[in-house]
Amino acid sequence: MHPTRVAYIVPPGGTLGPLIRDEISGLKQLGPCEAFVYSSDGRTEPNIPSDSRDVLAEGTRPGFFEKASLYPRAMKWKAFKDLRVGTNLAEWVLSDHASIIHTHTGWNPAMSSVFAKHLAGIPLAITVHSVDSLTPAMVDAISNADRVFASSRYTASWLKERGITAGVNHPSAYDPASTGAVLERTGTSFAVLIPQLPSESRAVIDALHRLDPAVVLWIAGAIPKSFKAIIKRTHLSRRVTYFDELLPVERPLVFRSCDMVCIPELPHDQDLPYDVVMAVAAGKPVVVPGVRGVPELVKGSIDEAAEGKAIADAISRYSADAAVTARESERNLAVAGRSLGPGNVDKLWEAFRELSGGWANG
């Protein structure tokens, strides 16, 4: 049997990089499946496979204006870039003999993928991760997909209210973080991983002042100089470790090695953040706002706009009681076994095979 060739459209920017990379890795472990990765914003990110191609950097493909004439002249100029990207994508998809196009939507428009679908004449599957920024035009674009997936039941319910049927497919921790090596640690400190600082980072500093001295913070992602300066000025440096941007191979290791994960603020491009998925799969307690798709995996413990005291109180519940931490860890491992296993990737692959007929175009 010929492989199912999946053309992956990587959304520009946002926080979906680790999720997409792990999903592609999971698909490649299933046979036979090939994934071709395309980018559309001219940026190279460490979480995106190195073999991805920037369709805009390649220039306008031959036949662009002939294909553009297929669309109404009344088209707004703001859609012109989407059409250009879609035309380039169609050319690359056909040259790679792909049998299906798959894209993820958080903040990015889905219109270019819809153009590529119609121009290339092959099926389109879309996974929707966030409904926060979906305009009526984007909802209309998503309705053109042959198959729609939602990353949470919350997302699927929102789409259903607008006439779009979406199958729920939670992000998969394909290589579960509950097994494998951990970082070597000394002492008896309680390490809290914060994968990304919230927009109001002073709440984290306030929380650290309120926490027991045995609690230390591991902070990853972009860290403002002003934050580091305050930490140093208030003599908290010994209780904070900075990881900066975690590489793909580092993320599971760090999640395995901490005692719990704190996500004070949800990213706008994910209704069920992948950091929550990784924490649950690692069997770690999670302090996170209990909104959008989060309650489907964990019990929300802080409000969306939590201040330092609320964050500190939530962390203290675990740092002060090893039994509570152990019970929550067991619960999360059980949830991961039911909802976050390889079966989610299997579901995608089966959908791709069904839509493409299980055969490549060429």
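The values are calculated or read from the model by the stated rules, or taken from the named source; none is laboratory data. Bear in mind that the values here come from a model prediction, so they are computed numbers and not experimental data. Here Cβ is always computed from backbone atoms with ideal geometry, including for glycine, and neighbour counts include all displayed protein chains.
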Open item on the list: Looking at the stretch 99-107, can you tell me whether even one residue there is over 23 Å from the mean Cα position of the chain (by Cα), buried (at least 24 other Cβ atoms within 10 Å of the Cβ) and part of a helix (DSSP H, G or I)?
Closed with: no
- [ ] Name the single residue, out of those in the stretch 1-19 being part of a helix (DSSP H, G or I) and modelled with pLDDT of 80 or more, that is nearest to P248 (Cα to Cα).
- [x] P18
Task: Options V249, V168, V216, V240; residue that is without any contact (Cβ under 8 Å) to a residue 24 or more places away in the chain and touching a strand residue (DSSP E or B) at 6+ places or on another chain (Cβ under 6 Å) - done: V168
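Rundown of residues vs (1) part of a loop (DSSP other than H, G, I, E, B); (2) at pLDDT 95 or above; (3) not β-branched (V, I, T), yes/no style:
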{"position": "T179", "(1), (2), (3)": "yes, no, no"}
{"position": "R185", "(1), (2), (3)": "yes, no, yes"}
{"position": "P213", "(1), (2), (3)": "yes, yes, yes"}
{"position": "A222", "(1), (2), (3)": "yes, no, yes"}
{"position": "K228", "(1), (2), (3)": "no, yes, yes"}
{"position": "H268", "(1), (2), (3)": "yes, no, yes"}
Open item on the list: I need a count of the residues in the stretch 219-237 that are surrounded by 13 or more Cβ atoms within 10 Å (Cβ to Cβ) and either at negative phi or in contact (Cβ under 8 Å) with a residue 40 or more places away in the chain (or both).
Closed with: 8
TODO: Can you run down the residue pairs with Cβ atoms below 6 Å, 6 or more apart or on separate chains, where the first is in the stretch 119-146 and farther than 20 Å from D96 by Cβ and the partner is in a helix (DSSP H, G or I)?
DONE: V128/T155; V131/T155; V131/W158; A141/M111; A141/V114; N144/V114
Open item on the list: Among the residues of the stretch 197-211, what is the count of those that are in a loop (DSSP other than H, G, I, E, B) and surrounded by 12 or more Cβ atoms within 10 Å (Cβ to Cβ)?
Closed with: 5
Task: Of the criteria (1) surrounded by 13 or more Cβ atoms within 10 Å (Cβ to Cβ); (2) outside any loop (DSSP other than H, G, I, E, B), which one A334 fails - done: (1)
TODO: Working carefully through the options V277, V298, find the one that is touching a residue at least 24 places away in the same chain (Cβ under 8 Å), assigned to a helix (DSSP H, G or I) and not hydroxyl-bearing (S, T, Y).
DONE: V277
TODO: Taking the options V324, V345, name whichever one is surrounded by fewer than 16 Cβ atoms within 10 Å (Cβ to Cβ), part of a helix (DSSP H, G or I) and either at negative phi or modelled with pLDDT of 95 or more (or both).
DONE: V324
